[in-house]
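A quick write-up on the structure given underneath.
A short reminder: the numbers here are calculations on the coordinates, not readings from a lab. Quick caveat, the model's predicted, so the values are computed rather than measured. Neighbour counts run over all protein chains shown; Cβ positions are idealised from the backbone, glycine included.
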Ligand code: FES
């Protein structure tokens, strides 16, 4: 008898959104769950989920570009600026006005007081499961 991955018994608030092997690193899906669009990302082999709703003005954040960001160091004495591209594949940019969010934590890079609501997501028995 062969062993096959099966859907785990799910609670009412749990939803299978994909097979784990369908969502490679750097990929995302946007699932419609209970009338809400939820973006699920595989970043470095870990899954993260957020509402497809930007904390700035409600744009479709999870449809934005997933890339990196620029960090700068400023030497006020020498009046020099050093810029560096970093965090490639971890920063989500909203398609409306470009606000950047750390897709691994939900932290907004533009406004440190702003953070996305993280939605619990896990891989289990070959499935990616979101809990709303
Ligand atoms: S709505 Fe997302 S940056 Fe403005």
Rg to Rh quotient for the chain, alpha carbon positions, Kirkwood Rh: 1.09
Extended-chain gain in nm, criterion 0.36 nm per residue less alpha-carbon gap, residue 124 and residue 70: 15.9 nm
Relative contact order (percent, whole number), the chain, Cα cutoff 8 Å, 6+ residue spacing: 27 percent
At R0 = 25 Å, FRET efficiency that the Cβ-Cβ distance of residue 88 and residue 57 yields, to 0.05: 0.40
C-alpha center-to-center spacing [the stretch 117-132, the stretch 13-76] in angstrom: 13 Å
Inter-site label distance for residue 9 and residue 132 at 7 Å from Cα along Cβ, in nm: 2.3 nm
